1. Measure off 7 Å from each Cα along the Cα-to-Cβ vector at B:Asp75 and B:Asp202, then give the distance between these two points in nanometres to one decimal.
2. Once amide H atoms are placed 1.01 Å from N in the peptide plane, what residues at a sequence separation of 5 or more from A:Val103, or on another chain, have their amide H within under 5 Å of its amide H?
3. What's the ranking of A:103-110, B:33-40 by average number of surrounding C-beta atoms within 10 Å, highest first?
4. With the cut-off at 1.5 for a/c, could you classify region A:49-159 from its C-alpha gyration tensor as rounded, prolate or oblate?
5. Please compute how much accessible surface disappears when A pairs with B, both sides summed, using a 1.4 Å probe, and round it to the nearest 100 Å².
6. Subtract the Cα-Cα distance of A:Glu65 and A:Glu116 from 0.36 nm times their separation in residues, and report this length gain in nm to one decimal.
7. Find how much the distance from B:Arg212 to B:Gln117 grows on full extension, using 0.36 nm per residue of separation minus their present alpha carbon separation; answer in nm with one decimal.
8. Peptide B:80-91: average number of partner chain Cβ atoms within 10 Å per residue?
Amino acid sequence: MAMFDIGKRGFGGNQESKGEEKDLLRDPDGFKGGVAQAPAVGMARHRDAAIIGPSIHIEGTLRGEEDLIIEGRVSGTVKLQGHCLTVGSHGQISANIYAHTVVVDGTVEGDLFGAERVVIKKSANITGNITSPRVSLEEGARFKGSIEMDAQAVEAIMGAQKSKSASSQTPERSPAQAPDKARNETATTAGASSSGTGDTAAESGKSATTGKVSGSVG
Amino acid sequence: MSRVSPGRANTAGDAISSPGLDQDAYPCKLLHQALQPLMKGERRVLLDLGDAHGQTIEYFTGLPVRLAIASLTDDLLKLDPREDEETLQAHMESLLTPEMVSACDLVMVWEVLNYLQPRVITALMSRLAQLLPAGAQVHGFVAYSMKTLPQTPRVLVPSADAGLQILAGQGHGTVQLSGYPSGELQRFMPDFHAARAILLGDGMQEYLFVRR
């Protein structure tokens, strides 16, 4: 399994991020295992969240056990069950999303499953179906798809997704089970441009991706 | 536009409130009638052909409903009524997919019907007829004596008691309306019959069409 530092630049991808990176390097608490901790603006729960910066492109399954903000591009599947996912205004997602709370400010093509709620901000552009007991949409947002609001149907769908996820989660989550060779080959550090393919893990200690990751870091 | 009845704040759900609401609203008895089973707790599948609005979602929050939002207003207005029937039908097939339409109990068309040429209405209703089950309803909102409307369709969203509230800010300018009498509308959509129509008193008419 390969290592990849997701979001080391936080909201970076431009010159402004250099200062931010310095601060992160000075302050070890601000940089935990390759994931920048940033305040999750506009999120339902007030706590720090990991960030996938605008220059990062991930293909595959992205799993996590913490809140996450995506400002980059993700294709595949995003699973943050029990946590909040925010698709930032620069975020472009082509994936089905499973999370406790989903906040969309950017572009999503795919289905959204929010166990608690889905919040669609005015700059959002969504094509896909939403399953959640609570959905809110700000005027100006673009949405094309259907919204399942029937509490029983939502419960049935979310329950089915949960059990499906639980049965498929264990092997993918465990970095110990991944081949060491691949882990060593694709390890990246700050200051390097990177692109990786294959089974890739973003080792924040809590987040992981399986698939392909590309982007420039540092 | 005359004021028909004041819009009332909706308390359903906890969605974000919509800015720019004005107080105009149409009391829509037929919409109320069509939504009665849903209000009584029966599951319904609805399709809104218009764009997504927070207040529409808010209105249905907490009800046993699957709400499909087609966001077709711009696409329908762009269709060229001079195109041949097959081309129009092909456009409709790409805009209205079976996944979106086929399980629907009620389709909400509302304001856009007034801006479509007869051939486009025919193509639209023909496509809906292909996909909807017998007995499915289409709630329409058609001008009968109103001679002008804003240049772009007004945004209508459900308000308390299944009225339709008009959102402000639809730009400047007006368009002349030809207006479609009931019999003429019926000819545009042979697969549907107008189950009921109610004059709303300010030049608009509410229709409930039923798939034969």
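1. Placing both labels 7 Å along Cα→Cβ, they lie 3.0 nm apart.
2. A:Leu85, A:Thr86, A:Val87, A:Val119
3. Highest-to-lowest ranking by the protection proxy: A:103-110, B:33-40.
4. In terms of gyration-tensor shape, oblate.
5. Buried surface at the A/B interface: approximately 1800 Å².
6. Full extension from A:Glu65 to A:Glu116 adds 16.8 nm.
7. 31.9 nm
8. Mean number of neighbouring Cβ atoms from other chains: 0.
The values are calculated or read from the model by the stated rules, or taken from the named source; none is laboratory data. Just so we're clear, the structure is a prediction, and the values are computed from it rather than from any experiment. Here the Cβ is made from the backbone with ideal geometry for all residues, glycine too, and neighbour counts use every protein chain on show. Note: areas computed on protein heavy atoms with side chains; ligands, DNA, RNA excluded. Shrake-Rupley method; radii C 1.70, N 1.55, O 1.52, S 1.80 Å.
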